[in-house]
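Taken together, the values in this text are just the output of simple stated rules run on the coordinates, not laboratory data. As the structure is a computational prediction, the values presented were derived from the model and not from experiment. Here the Cβ is made from the backbone with ideal geometry for all residues, glycine too, and neighbour counts use every protein chain on show.
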Amino acid sequence: MKIIIIGGTGFLGYYAALAALERGHQVASLSIDDIDLTGWYPAEIEVRFGNVFTMTPDEMRRALTGYDALIYSVGPDDRVTPPAPAYDFFYDKLVRKPTALFNAAREAGIQRSVVLNSYFASFDKLRPELKLAEKHPYIKVRVEQAKALIACGTSPNGEQTMDVMVLQLPYIFGTMPHRVPIWKGVFIERFFRYPVIFFPGGGTAMITAEHVGEAAVGALEHGTHGERYPIGDENHPFRFMLEHMQIGLGLKKPIWTVGSRIATWGASAIARANRRKGLESGLNMKHLMQDIMSRNFYIENVDAISSLLNYGRGGVAEAIRETVRACYPEGFKNRA
């Protein structure tokens, strides 16, 4: 296939590009010009620059013409805290603008496409009693994104001409050249500054960036239109993640598991601080601690999905350690 990756110089797009090259596909990247690619970015990848959030539909069609397949790997995730209201911000970036691009892709002759989404949308369906989309703007938007982009595969006259597959991603670890992992500012600085690490007692599916890239290409190769694939490498309690972060940072601090009531109190303080700044998280802090962080959000059918999409497994512990080391090249204790 001749694949164009939206955000191919970004974190997950980069790994999708490497996986596509490894499997013998022709690869192009369309992304903003925000990073020096000299000396490390694969020369085989056709690099094109453009901002899909500001392009017109005509510009999108021209940029996408001549390709067979598309991987869409841009847009904010739940770690971004935008100006309030959060729903409007995430809807614009994750539904309205990618819908325009996917419609343009269909009109340009793209036949296969994949969008990188969130595993929270999967749990909204699996755990309806939690009412996740109702409580959390970010999760609501991710559910709407999947529905909207799958619909883009069908033309106004009712002909389904473009396959759209959705990858639902959990916690992701890994590094790439010249980019600092987003974990630094939104997580490590928040939880590792103090003598004791306080954290809820739940758990989550985790995956390496390398395997996300492989799964994205695998979905192009083997996926079924309209399917939503929750992907992961391993399921672990949060303590596993925190312990390997400590190893990577060269720390040894006590980890105290806190109940949902205490965690909610701390999260509410963060929410109040955000409101004073005119910000709002896409995840409602109160319900985040009660309904998500204190539970195990594990993907139960990882073996079957990884086999179907032909992506590798394992290596999460080392990826966690590499991620936090990349956040502090001089060491966490020597941070500014």
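Please report, in debye to the nearest 20, how large the charge dipole of the chain is about its Cα centre when each Lys and Arg carries +1 at its beta carbon and each Asp and Glu carries -1 there.
Numbers: 38 positive and 35 negative charges, 323 e Å.
Dipole about the Cα centre, nearest 20: 1560 debye.
I want the local charge near Asp233. Using Cβ-Cβ distances under 13 Å, sum +1 for each Lys or Arg and -1 for each Asp or Glu among the other residues.
Details: positive: Arg313; negative: Glu210, Glu214, Glu234, Asp303, Glu318.
So the environment of Asp233 carries a net charge of -4.
Can you list residues whose amide H is under 5 Å from Phe297's amide H, if they're 5+ apart or on another chain and H is modeled 1.01 Å from N?
Under 5 Å from the amide H of Phe297: Gly203, Thr204, Ala205.
Select from Asp78, Asp88, Asp36 the residue whose mean-square fluctuation is largest in a Gaussian network model of the chain (Cα-Cα springs shorter than 10 Å).
Comparing Asp78, Asp88, Asp36 in a Gaussian network model of the chain, the most mobile one is Asp36.
Per residue, how much space in cubic angstrom lies within the convex hull of the C-alpha atoms of the stretch 30-121?
Working: hull volume 12.2 nm³, N = 92.
Given the Cα convex hull of the stretch 30-121, per-residue volume reads 133 Å³.
Just to check I understand the Karplus step: with θ = phi - 60° and J = 6.51 cos²θ - 1.76 cosθ + 1.60, what whole-Hz values come out for the stretch 280-296, glycine and proline as x?
Once θ is set to phi - 60°, the couplings for the stretch 280-296 become 8, 5, x, 10, 4, 4, 4, 6, 4, 6, 6, 9, 10, 5, 9, 10, 9 Hz.
Which far-off residues, 5 or more places away or on another chain, put their amide H under 5 Å from the one on Gln168, with H placed in the peptide plane?
Asn117, Tyr229, Ile231
Using 12 Å as the cut-off for backbone N distance, which residues of the stretch 68-104 belong to the label zone defined by a point 7 Å from the Cα of His178 along Cα→Cβ?
Within reach of a label on His178: no residues.
Calculate how many DSSP beta bridges within the stretch 153-309 are antiparallel, expressed in % of all such bridges and rounded to the nearest 5.
Working: 6 of 18 bridges.
For the stretch 153-309, the DSSP antiparallel bridge percentage is about 35.
Quick check on my link table: of Lys253/Lys277; Lys135/Lys253; Lys97/Lys140; Lys93/Lys135; Lys93/Lys277, which ones sit more than 27 Å apart, alpha carbon to alpha carbon?
Numbers: Lys253/Lys277 31 Å; Lys135/Lys253 34 Å; Lys97/Lys140 16 Å; Lys93/Lys135 19 Å; Lys93/Lys277 21 Å.
Going by Cα-Cα distance, Lys253/Lys277; Lys135/Lys253 fall outside the 27 Å limit.
Over what distance in Å are the Cα centres of the stretch 26-61 and the stretch 153-187 separated?
Rounded to whole Å, the Cα centres lie 16 Å apart.
Could you compute the net charge surrounding Leu37? Neighbours are other residues with a C-beta less than 13 Å from the C-beta of Leu37; K and R count +1, D and E count -1. List each step's numbers first, then the result.
On the way: positive: Arg48, Arg179; negative: Asp33, Asp34, Asp36, Glu44, Glu46.
Here the count lands on -3.
Quick one: among Ala148, Ala69, Ala216, which has the greatest mean-square fluctuation in a GNM of the chain with alpha-carbon springs under 10 angstrom?
Ala148
For the stretch 64-132 and the stretch 242-305, what is the separation of their C-alpha centers, rounded to whole Å?
Taking the Cα centre of the stretch 242-305 as reference, the centre of the stretch 64-132 is 23 Å away.
When only alpha-carbon atoms count, how far does the chain stretch along each of its three principal axes, as whole angstroms with the largest first?
57, 45, 41
Mind listing the long-range amide H neighbours of Val47? Cut-off is under 5 Å, sequence gap 5 or more, other chains count too, H placed in the peptide plane at 1.01 Å from N.
Ser29
Test of the criteria: in the stretch 102-169, which GluC sites (Glu not before Pro) are in a DSSP loop and have at most 16 other Cβ atoms within 10 angstrom of their Cβ? Please list the in-between numbers first.
Numbers: sites: Glu107, Glu129, Glu134, Glu144, Glu159; in loops: Glu159.
Qualifying residues, ordered by number: Glu159.
Which net charge results for the neighbourhood of Gln26, defined as the other residues with beta-carbon distances under 13 angstrom from its beta-carbon, given Lys and Arg at +1 and Asp and Glu at -1? Numbers along the way, then the final one.
Numbers: positive: Lys2, Arg23; negative: Glu22, Glu44, Glu46, Asp68.
Net charge around Gln26: -2.
Along the three principal axes, how long is the stretch 61-105 when you take its alpha carbons, biggest first, rounded to the nearest angstrom?
39, 16, 11
How many percent of DSSP beta bridges within the chain run antiparallel, rounded to 5? Provide the component values of the computation, followed by the final result.
Details: 7 of 43 bridges.
Counting only bridges with both partners in the chain, antiparallel ones make up about 15 percent.
With θ set to phi - 60°, apply the Karplus curve 6.51 cos²θ - 1.76 cosθ + 1.60 along the stretch 60-67 and write out the HN-Hα couplings as whole Hz, x wherever there is a Gly or Pro.
4, 4, 5, 5, 9, 5, x, 10
Connecting C-alpha atoms closer than 10 Å in a GNM of the chain, tell me which of Leu126, Leu169, Leu251 has the biggest fluctuation.
Leu126
Please give the length that would be gained between Asp303 and His222 if that part of the chain were fully extended, namely 0.36 nm times their separation in residues minus their C-alpha to C-alpha distance (nm, one decimal).
Values: separation 81, 0.36 × 81 = 29.16 nm, distance 1.54 nm.
Contour length minus Cα-Cα distance gives 27.6 nm.
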